[in-house]
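Asks: A single structure is presented below for examination.
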Amino acid sequence: MKLSFSKVPMYALWFTVLTFPLVGIRMMDDKTVQFRLSPLIIGGVVLFIGALYMGLSRVKFTFISDAFKGIAAPLKPVTAGLAKPPAIKIELFLLCLFLLILPAMLSGKYMNLAIDTGIYIVLALGLNIVVGLAGLLVLGYAGFFAIGAYAYALASLNFGCPFWLGLLIGGAVSAVFGFLVGLPSLRLRGDYLAIVTLGFGELIRYIFKNLPNITGGEKGLPNELIRGEIHHPTIGPWVLSQPIYYYYLTFIFVVVTVVVLERLNNSRIGRALIAVREDELAARTMGINATKMKILAFVLSAAWAGFAGVLYAAKIGYITPEGFRFEQSALILAMVILGGMGSTLGVILGAVILYIIPWIIRDQLPAFQDYRLLIYGATMVLMMLFRPQGLISSKRRKIELTETEEK
Amino acid sequence: MDVLLESKSITKQFGGLAALQDVSFELNKGEIFSIIGPNGAGKTTFFNCVTGLYPPTSGSLYFQGENINGIAPYNITKLGIARTFQNIRLFAEMTALENVMVGMHCRTDSGVLSALVRHKGMVREESTIADTAMSLLKFVGLQDKQDSWARNLAYGDQRRLEIARAMATKPTLLCLDEPGAGMNPQETNELMNLIRKIKAQGITILLIEHHMKVVMGISDRIVVLDHGVKIAEGNCKDIQCNQKVIEAYLGKEEN
């Protein structure tokens, strides 16, 4: 999309006016109202300069994608016809090295942040299977996350299930739900599917909330009725309860997820999924069972949320239904879209940005706490205006967006 | 001659409109068989019935002696019927090579697990897929375009890519829906040669085409539809002299 410069001041003004009630008015503790214009003006000016800069320079963040291009190199298709031979780039190696020694530099809460970010990366990548690859809009992804977490928590508390078995159980239970939800709802398209999955996500939360005898209701798990501990992972006699173990566990998890996604992407199944996304009717006449493919994507994606849920439950040791709200679903979807649908690297970057920035605001800049969602929303609007393909677009998505504009 | 496809009084109704009415004919193995007729005659509807996209309202279709009514499109493809589309339906955001590779989906069977494990068999299968796809691109003359995005290809190239993609399903019967639409005379000649080459491989061809030069140049037999009704069947010469056909195309002479 080309930005016409005359509109830049309009955008800024529009933003300022629209956000006035949120930013400009503040209710004080003693119930008096204070009008504050400075943040509003600062916001408007920042937006104006930012818009002008991006429009003028046409830089549009390409420096980011250039810098990261190298990292995407390994795990290429197995066939030589499609791409250059795999080459593990130095950037990727350095990044991994950095991430491996990172825990030495991190203390308590930062460690926690790193682990949570990792879990969200896994979630965002899992959602990317169904959104990015198969092109199905799913708005209730937190539901599958919750199912995985609860499945493991229940198995662990009631039957003393160990983590590794729990990982399989969580993934499997979530996958079964993915299948059950997918079977009827994949007849629907686009918005309708999104609504059904949105309903599913909420439904799951309410079910967990309203079964106090089984899931502890709002009190969550474990509680005074269902006592015990959600087991930490163990390797032989070692209990991996320290954050540092979780850090490496999550790291391995992310790496495995990336490998799985890339391999899936460059396989017969991946091609079939993309074909179904591109043109379902043509895909069917080319011998692809489109429904089966879509359900497959759905089930895989659900299983991944289940895995992440198990990891999350084990790490945090205590889960409540409120941990799996629609906000989580929306956040994960935003990570996929902001990062770049279908692009593994983009989605990772999206997850990192969308998880860490709000955290920093919460933790370091409490003064901005009130504007957290506002900044979040404004970022989304700006992204859709200037870079709808996401921070790092997948090669296919790039084609779609650039070509249609020229026509 | 062996009958490959038999259409037994196929009728297809959309609400009150009969797009096809009692259409019967037999298609022999190895021939180029054309369906012609004015716009709206039901030619594409017939293709959609054959490829399983629409179930016929009544009547039966037999392919190699087997009734294919109600079989899902992807299974029909597996039985050996492939098609191209009148309004090109390539996978726009895939490369030319990938498009053809997708066509081989039903002739290969690596699943999710093999994709993740990448065992020897899967790697071998992938390279077979890529090689076969490449040779099909060569067959239709697109060997230089393997890495081009399908949507960036020239119009004529897109038509040929559709043919390559359909051929990748290893069909016994190839249904071409107006492959020559929008082509210039030179491209049309190339297309005729390509269709002859496909026939030479032993693939039977069912062709819908408006270019009379193509139809009359390569068809072994022709059936003419008008308003969903078969009005004539025969070789090129019979059709050209058929009074009903002339009327359908040009109108009745008033006297």
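Asks: Which order results if A:Met10, A:Met105 are arranged by neighbouring Cβ count within 10 Å, fewest first? Could you put the intermediate results ahead of the total?
Replies: Values: A:Met10 12, A:Met105 9.
Listing A:Met10, A:Met105 from fewest to most nearby Cβ atoms yields A:Met105, A:Met10.
Asks: Counting other beta carbons within 10 Å of each Cβ, put B:His227, A:His232 in order, fewest first.
Replies: B:His227, A:His232
Asks: Let me ask another. Would you list which aspartates and glutamates come within 14 Å of A:Lys209, measuring only between C-alpha atoms, while excluding same-chain residues fewer than 8 positions from it?
Replies: Hits, sequence-local ones excluded: A:Glu218, A:Glu322.
Asks: Given 20 Å bins starting at zero, what is the percent of C-alpha pairs of the protein assembly as shown in each, up to the one with the largest pair distance?
Replies: Taking every Cα pair in the protein assembly as shown, the percentages come to 16, 41, 30, 12, 1, 0.
Asks: How large is the dipole of the range B:138-207 about the Cα centre if only Lys and Arg carry +1 and Asp and Glu carry -1, each at its Cβ, rounded to the nearest 20 debye? Don't jump to the answer; show the numbers that get you there.
Replies: Working: 10 positive and 8 negative charges, 56 e Å.
Charge dipole of the range B:138-207: 260 debye, to the nearest 20.
Asks: Which value, in debye to the nearest 20, describes the size of the charge dipole of the range A:255-407 about its Cα centre when Lys and Arg Cβ atoms bear +1, Asp and Glu Cβ atoms bear -1, and nothing else is charged?
Replies: Approximately 460 debye in magnitude.
Asks: Span-like helices, chain B: DSSP H, alpha-carbon axial extent 24 Å or more, mean Kyte-Doolittle 0.0 or greater, which ones?
Replies: What comes out of the filter, once short or polar helices are dropped, is B:120-140.
Asks: Then there is this: Which one, B:Leu194, B:Leu116, B:Ser219, projects farthest toward the positive side of the charge dipole computed for chain B from Cβ point charges (K/R +1, D/E -1)?
Replies: Ranked along the dipole, the leading option is B:Leu116.
Asks: Also: Provide the net charge surrounding A:Ile269, with neighbours chosen by a C-beta distance below 14 Å and charges set as Lys +1, Arg +1, Asp -1, Glu -1. Before the final figure, lay out each step's value.
Replies: Details: positive: A:Arg263, A:Arg268, A:Arg271, A:Arg277, A:Lys292, A:Lys294, B:Arg118; negative: A:Glu262, B:Glu98, B:Asp109, B:Glu125, B:Glu126.
Result for the local shell: +2.
Asks: Also: Among the aspartates and glutamates, which fall within straight-line cross-link reach of B:Lys43, defined as a Cα-Cα distance under 15 Å, with same-chain neighbours fewer than 8 residues apart omitted?
Replies: B:Asp22, B:Asp177, B:Glu178, B:Glu209, B:Asp226, B:Glu233
Asks: If the chain between B:Arg196 and B:Leu113 were fully stretched, how many nm would it gain, using 0.36 nm times the residue separation less the Cα-Cα distance?
Replies: Contour length minus the Cα-Cα distance gives 25.8 nm.
Asks: Among all the aspartates and glutamates, which ones have a C-alpha under 19 Å from B:Lys145's C-alpha, if same-chain residues fewer than 8 places away are not counted?
Replies: A:Glu400, A:Glu403, B:Glu93, B:Glu98, B:Asp131, B:Asp157, B:Glu162, B:Glu187, B:Glu190
Asks: Taking +1 at the Cβ of each Lys and Arg and -1 at the Cβ of each Asp and Glu, which of A:Thr379, A:Tyr150, A:Val254 sits farthest along the dipole of the protein assembly as shown towards its positive end, judged by Cα position relative to the Cα centre?
Replies: A:Val254
Asks: Based solely on its DSSP helices, what 222 nm [θ] is calculated for the protein assembly as shown when runs of n ≥ 4 H residues each add -39,500 (n - 2.57) and the sum is averaged over all residues, nearest 500 deg cm²/dmol?
Replies: Working: 27 runs with 369 residues, N = 662.
Estimated from H runs of four or more residues: -18000 deg cm²/dmol.
Asks: Okay, moving on. Among B:Ala164, B:Asn184, B:His210, pick out the residue whose Cα is farthest towards the positive end of the charge dipole of the range B:108-231, where Lys and Arg carry +1 and Asp and Glu carry -1 on C-beta, about the Cα centre.
Replies: Farthest towards the positive end: B:Ala164.
Asks: Quick one: what Rg and Dmax do you get for the range A:149-279 from the alpha carbons, in Å?
Replies: Final numbers for Rg and Dmax: 18.4, 53 Å.
Asks: What FRET efficiency do you get for B:Thr11 and B:Gln86 if R0 is 22 Å and r is their Cβ-Cβ distance, rounded to the nearest 0.05?
Replies: About 0.50, to the nearest 0.05.
Asks: So for chain B: antiparallel DSSP bridges make up what percent, rounded to the nearest 5?
Replies: So the antiparallel bridges in chain B amount to around 55 percent.
Asks: Of B:Lys170/B:Lys199; B:Lys8/B:Lys29; A:Lys294/B:Lys12; B:Lys12/B:Lys230, which ones are farther than 23 Å apart at the Cα?
Replies: Numbers: B:Lys170/B:Lys199 13 Å; B:Lys8/B:Lys29 17 Å; A:Lys294/B:Lys12 30 Å; B:Lys12/B:Lys230 13 Å.
Listed pairs above 23 Å: A:Lys294/B:Lys12.
Coordinate-derived values only; no laboratory data. In this text the structure is predicted, and so the values were computed from the model without any measurement. Neighbour counts run over all protein chains shown; Cβ positions are idealised from the backbone, glycine included.
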